[in-house]
Amino acid sequence: LMCAAICLVCTMNLISAPTISLEGKTLWLCRSLPVSGTDVLMSKVMLHFDVTLPSILVFDLAVILPLAPTFTEALILLALPTAFTMLTALLGVVVNLHLPKFDWISEVHAIKQGASTIVSMFVSFALVLIPGLLYALLLASFMSLELFLVACTLLFAVLSFILYWYIKNGGSRVFEK
């Protein structure tokens, strides 16, 4: 439950989802820099990761210290939200590549009313809710919770790799257009 709670809190941290939209009319500045589109996009991913990860680690410590889990459980409590955070950071940039909002008047419009923020939030929420329900309704009777959480961590890592690959190959071309 604590892994799910930490990941659900992560779904509300959508720093990377509006970052391309926030460039607005000055997007040409990013594109004119002598760096690749992949580097620009990955800097937006890393901003999300750098801002969000410390709070997740504090949350993890606040859970690990009073509950005193086993070493494996503590490792899962650290690894799963970290993998999920990387996935949501990459997801936010990919969604914002395809659903930018450049016609904003105030930055608040790009952040709070942009389709990329809403889509990223709901997809992130589904990435927590669907596996949780799947385990509770179908898998709990024949799979240990630790094994399931490790599988979720691996799934989030694989999905992160796929999104990274997309940003590196197709996403940078979309950004240049």
Where nothing but the Cβ of Lys and Arg (+1) and of Asp and Glu (-1) is charged, how large is the charge dipole of the range 1-94 around its Cα centre, in debye to the nearest 20?
300 debye
Percentage relative contact order, the range 11-139, counting C-alpha pairs under 8 Å, at least six apart:
43 percent
What number comes out for accessible area per residue over the chain if the probe is 1.4 Å? Units Å², please.
54 Å²
At what distance in nm do the modelled label points of Leu65 and His98 sit from each other, each positioned 7 Å from its Cα along Cα→Cβ?
4.2 nm
Check: the chain dipole with +1 on Lys, Arg Cβ and -1 on Asp, Glu Cβ, in debye
520 debye
Checked against the positive end of the charge dipole of the chain (+1 on Cβ of Lys and Arg, -1 on Cβ of Asp and Glu, about the Cα centre), the farthest of Ala5, Ser120, Leu77 is Ser120
Loop-only check: which chymotrypsin sites (Phe, Trp or Tyr not before Pro) in the range 68-121 are DSSP coil with at most 14 other Cβ within 10 angstrom?
Phe102
Can you grab the distance from the C-alpha centre of the range 59-126 to the C-alpha centre of the range 18-57, Å, no decimals?
15 Å
From the square roots a ≥ b ≥ c of the eigenvalues of the alpha-carbon gyration tensor of the range 93-172, which class results: rounded (a/c under 1.5), prolate (a/b over b/c), or oblate?
oblate
Kyte-Doolittle at least 0.5, axis length at least 24 Å by Cα - qualifying DSSP helices, the chain:
37-67, 71-98, 115-134, 145-166
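The values are calculated or read from the model by the stated rules, or taken from the named source; none is laboratory data. This is a predicted model, so every value here is computed, not measured. Methodologically, a virtual Cβ is constructed for each residue, glycine included, from the backbone with ideal geometry; neighbour enumeration extends over all protein chains shown. What goes into the accessible areas is simple: the full protein's heavy atoms, side chains included, and nothing from ligands, DNA or RNA. Shrake-Rupley method; radii C 1.70, N 1.55, O 1.52, S 1.80 Å.
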